[in-house]
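These notes are about the structure you will find just below.
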Amino acid sequence: MRLVLVGPPGAGKGTQAEFIAAHLSVPKISTGDIFRANVTQGTPLGVEAKRYMDAGKLVPDDVTINMVRDRLAEPDAGEGFLLDGFPRTTPQAAELDKLLADLGSSLDLVLELVVDDDEVIRRLSGRRTCRGCGKIWHVEFDATTREGICDRCGAELFQRDDDKPETIAARLREYAEKTAPLVDYYGAQGKLVGIDATGPVEDVTVRAIDALRSYGG
Ligand code: ADP
Ligand code: ADP
């Protein structure tokens, strides 16, 4: 199955992507994770992306599209994938459609995680990520047993630089201006399914998997 997750920063895309990708046995492809790995490794792509990420801005489309094109060409993505955080602009979406059409395929479904801004701000300001295994935690809503230490792998947690209040505000503006139009773009294709992404993580996963099932996933 070829699936895209959309929703504002902090909607729970990364959290749900892990469960959904495992359920569908497809790779989870997160552009944010790929950019962050490049930043950590200090690659030229990472150096360029960091300027935008630190400002809460989207990385330019050409850079992002080239990166995704390379990733989708890897063999594990041949039978399906779950894209988390891509596309985020209408040109990215149009480019993805073209890329898949060239390969003789197309997206099956776009799942929109619907959450309001107040909840997004609560989620982002308490988000913590494991340096070892990448698992996403929350200081209040999904706390580890020992503060700052991952329950799954024992490594240290960190707070993302772009989860500071001023950067969060900039990211929400970018979302409203550049990403929200994707709802209409995919709605017009008849591929969009919105689910309520509030309440416990497990309940959201059940809603997501039910939505996929009704579309054959
Ligand atoms: P979140 O999950 O909080 O929405 P991500 O981890 O997906 O954040 O993305 C972090 C940052 O990486 C974004 O603010 C943006 O700068 C960059 N980024 C990720 N995906 C894209 C994309 N598809 N297009 C442009 N920039 C992106
Ligand atoms: P995104 O990838 O959309 O930016 P994340 O999956 O990183 O979102 O989630 C943002 C924060 O919200 C994380 O700290 C995560 O633990 C928390 N979170 C995710 N889903 C829920 C939920 N259903 N209820 C409460 N907190 C949640």
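The values are calculated or read from the model by the stated rules, or taken from the named source; none is laboratory data. What you are looking at is a predicted structure, and each value in this text was computed from that prediction instead of being measured. Virtual Cβ from ideal backbone geometry, glycine too; neighbours counted across all protein chains shown. Calculation scope for accessible area: heavy atoms of the full protein, side chains included, ligands and nucleic acids excluded. Shrake-Rupley method; radii C 1.70, N 1.55, O 1.52, S 1.80 Å.
Here are a few things to note about the model shown:
- Take every Cα pair under 8 Å whose residues are at least 6 apart in sequence, average their separation, divide by the length of the chain, and the relative contact order is 29 percent.
- Only helices enter this figure: runs of n ≥ 4 DSSP H residues, each worth -39500 (n - 2.57), summed and divided by the residues of the chain, yield -14000 deg cm²/dmol at 222 nm to the nearest 500.
- Working from label points 7 Å from Cα in the Cα-to-Cβ sense, the residue 201 to residue 146 distance is 1.9 nm.
- Value of Rg to Rh for region 77-217 (Rh from inverse mean 1/r over Cα pairs, i.e. Kirkwood): 0.99
- Among 55-61, 139-145, the order from most to least packed when residues are scored by Cβ within 10 Å on average: 55-61, 139-145
- Length-normalised contact order for region 45-115 - Cα pairs under 8 Å, 6+ apart - percent: 21 percent
- Region 151-168 and region 88-143 have Cα centres separated by 16 Å.
- By accessible area, using a 1.4 Å probe on protein heavy atoms only, the chain has 52% of its surface on carbon and sulfur.
- Loop GluC sites (Glu not before Pro), region 46-105 (other Cβ atoms within 10 Å of the site Cβ: 16 or fewer; DSSP): 79
- Cα-projected label distance for residue 55 with residue 69, points at 7 Å along beta-carbon direction, nm: 2.5 nm
- Cβ-derived FRET efficiency at R0 35 Å, residue 158 paired with residue 79, nearest 0.05: 0.55
- Taken about its Cα centre, the chain carries a charge dipole of roughly 340 debye when the Cβ of each Lys and Arg holds +1 and the Cβ of each Asp and Glu holds -1.
- Probing with 1.4 Å while keeping every protein chain in the model, the per residue accessible area of region 64-217 equals 52 Å².
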